[in-house]
Amino acid sequence: MSDCHFANAIDKLLKDHKMTQADLWRASGVNEAQLSRFINGTQVWVSPADLLKIAKGLCPKSKPERLNQIHAQLLYAHLQDECTGPGAKLVAIELIGPTPTSAHVLEDKAAPPALPPKIQRNLDIIAQHVTKDSHVRKMVETMANLCRREPLP
């Protein structure tokens with residue numbers, strides 16, 4: 001599997017709908033070479049128009065109500081690929097609503113276990129202040145080092 005979430009999502013949807021790359025190319029109208037780059041993970045950026053064309057191409061003709069779900073899955077995967085850099089860990093992307101493929105299935109790893117509400121609230125408060133307050137940032141780094149069992153700097 002590719003490291004590209006978008007490529008993995010297309011691949012999974014192709015398998016789910018028992019389609020080939022050629023079937024998707026014909027059904028979507030997206031340029032064949034470009035579609036190949038998406039599927040191989042060599043091109044991550046996709047225009048909103050092409051994303052919708054791919055979703056329509058993957059939507060079974062017998063179930064047009066699934067278009068929104070498929071489009072959301074592809075958009076979710078695309079946004080995961082776009083979310084990179086120093087602040088990426090501070091961004092949460094989630095897929096809400098009923099979908100046959102949940103967000104954690106699209107990822108290579110399982111979703112982390114849910115935290116008790118009180119701990120989650122506390123972590124959310126820390127996350128709000130970690131970028132603004134050097135003391136909070138230093139405390140978080142110290143706690144992380146302790147969790148990793150690394151010596152303090």
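The values are calculated or read from the model by the stated rules, or taken from the named source; none is laboratory data. This structure is a prediction, so every number in the text was calculated from the model and none was measured. For neighbour counting, all protein chains shown are included, and Cβ atoms are generated from backbone atoms with ideal geometry for every residue, glycine included.
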> When you scan region 73-97, how many residues do you find that are free of Cβ contacts under 8 Å to residues at least 24 places away in the same chain and in a helix (DSSP H, G or I)?
Replying inline: 3
> Which numbered condition trips up residue 36, out of (1) within 30 Å of residue 124 (Cβ to Cβ); (2) out of contact with any Leu (no Cβ under 9 Å at 6 or more places or on another chain); (3) of a type in the set (Ser, Thr, Tyr); (4) part of a helix (DSSP H, G or I)?
Replying inline: (1)
> All but one of (1) of a type in the set (Phe, Trp, Tyr); (2) more than 30 Å from residue 123 (Cα to Cα); (3) surrounded by 13 or more Cβ atoms within 10 Å (Cβ to Cβ) hold for residue 76; which doesn't?
Replying inline: (2)
> How many of the residues in region 39-58 are in contact with a Leu (Cβ under 7 Å, 6 or more places away or on another chain) and among the hydroxyl-bearing types (Ser, Thr, Tyr)?
Replying inline: 0
> Limited to region 14-49, what total is found for residues that are among the β-branched types (Val, Ile, Thr) and either more than 15 Å from residue 71 (Cβ to Cβ) or not assigned by TED's automatic domain parsing to the domain that holds residue 71 (or both)?
Replying inline: 4
